[in-house]
Amino acid sequence: EKILERLEKPHKDFRLWLTTDPTDAFPLGILQKSFKVVTEPPNGLKLNLRSTWSKITEETLASCPNPAFRPVIYVLAFLHAVVQERRRFGKLGWNVPYDFNESDFRVCYALLNTYLTKQIENNDEQIPWATLRYLVGEVHYGGRVTDSYDRRILTTYMEEYFGDFLFDDSQPFFFYKDPKVQYGTPEAAANRDDYAAFIDKLPLLSGPEVFGLHSNAEIDYLTNASAALLGNLVELQPRTATGGGGATREEQVMTVAVDVFSKIPEIFDLPKLKKIIHSPSPTQVVLLQELVHWNKLLSTMTSSLKDLKRALNGEVGMSNTLEEIATALFNGKLPPSWSKLTPQTEKPLGAWMDMFLRRQQQYSAW
């Protein structure tokens with residue numbers, strides 16, 4: 001950071017690239033002057049498969065003398081894309097979202113190279129499919145899987161993708177096939193570029209049927225993607241008043257904060273309630289437990305809104321948490337620090353406040 005500060009007239013084409021692990025000690029001055037570049041899996045089965053295949057060269061494919069090596073590696077790349085793309089379907093894809101990454105593919109690539117090379121060297125007639133399925137599906141990719149049902153899905157993929165049926169001339173192998181689209185494999189003897197050209201012919205958009213899911217599985221993903229897109233558009237709207245006479249963002253946030261603060265009731269006196277009840281019934285036990293969580297929500301809302309009003313008046317600094325609350329109030333959303341203390345909801349702030357007041361009335365009447 002000090003070296004950069006001493007640079008007076010750098011060349012117009014000078015750029016500094018820094019690679020780092022996630023750390024809290026990263027210099028803030030450099031971070032504020034930088035563009036953050038991250039590598040994430042492409043969105044889509046075709047793009048994911050193409051990204052994986054682009055890192056493979058003809059030399060690495062030719063390093064294994066086994067003619068089955070190229071199609072098996074293509075199947076492995078397809079499997080790698082499938083297990084990553086299933087995450088977009090949420091709980092319908094994986095019960096637990098697993099972080100499958102390029103290292104899994106690289107390790108399995110080297111593993112297949114070793115075993116298929118030894119098969120040729122030892123003059124074995126059969127490919128050790130059972131061993132390969134176990135090492136790839138149970139050890140490497142399966143090593144990340146913690147849920148028993150997810151492990152069953154991965155085992156099914158291994159049974160469906162890896163076997164002698166890949167080389168059956170009388171019945172060509174397809175990952176998925178319907179009247180509109182076919183996901184097959186190229187010719188075994190094709191070179192690296194032929195495989196890449198075959199991938200480029202695949203459809204850009206792949207439905208959930210390719211992954212073995214029902215066609216309705218995509219509804220939740222598309223709903224969440226649309227909500228995220230609209231939410232980002234709301235976040236990008238101007239935060240200052242344009243033209244004369246309009247209220248500023250801070251004034252609008254202050255108005256909403258004052259209105260919400262005026263509707264927050266007093267917390268329940270739990271020690272007093274426990275003395276009145278003495279020996280609570282099962283339903284009263286539920287009530288007391290609910291009131292503990294409710295009081296925590298009321299306290300959080302009260303304290304955060306007080307701090308927000310003080311920050312808007314310039315009495316204290318605006319922290320990241322207060323900035324999140326201000327942005328949420330300005331956009332008509334439920335602040336994240338509040339949503340953690342309330343049942344999961346997709347309601348906007350106005351509808352949530354109506355529900356909030358009805359819950360307060362219910363607890364009071366109870």
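The values are calculated or read from the model by the stated rules, or taken from the named source; none is laboratory data. As the structure is a computational prediction, the values presented were derived from the model and not from experiment. A quick note on method: Cβ atoms are made from the backbone with ideal geometry, for glycine too, and the neighbour counts reach across all protein chains shown. These area figures cover heavy atoms from the full protein model, side chains too; ligands, DNA and RNA do not enter into them. Shrake-Rupley method; radii C 1.70, N 1.55, O 1.52, S 1.80 Å.
Observations on the structure shown:
- Measuring only protein heavy atoms, the 1.4 Å probe finds residue 359 accessible over about 40 Å².
- Heavy-atom surface of the stretch 97-159, accessible at 1.4 Å and reported per residue (Å²): 55 Å²
- Using the Cβ-Cβ distance between residue 358 and residue 232 with R0 set to 30 Å, the FRET efficiency works out to roughly 0.45.
- Under-5 Å amide H pairs with residue 176, H placed in peptide plane, nonlocal only: 183
- Each listed q (0.14, 0.15 Å⁻¹) maps to a log10 I(q)/I(0) for the chain from the Debye sum over equal C-alpha point scatterers, namely -1.18, -1.26.
- In terms of overall dimensions, the C-alpha atoms belonging to the stretch 1-105 reach 58, 40, 22 Å along their principal axes, ordered largest to smallest.
- Accessible area of the chain belonging to carbon and sulfur atoms, whole % at 1.4 Å probe: 54 percent
- Rounded FRET efficiency, nearest 0.05, which uses the C-beta distance separating residue 124 from residue 7 and R0 of 51 Å: 0.25
- Sequence of 178, 259 when ordered by accessible area, the most exposed leading, probe 1.4 angstrom: 259, 178
- Residue-span extension gain [residue 60 to residue 316] - 0.36 nm each, minus C-alpha spacing: 86.1 nm
- Accessible-area ranking of 61, 205, largest first, probe 1.4 Å: 205, 61
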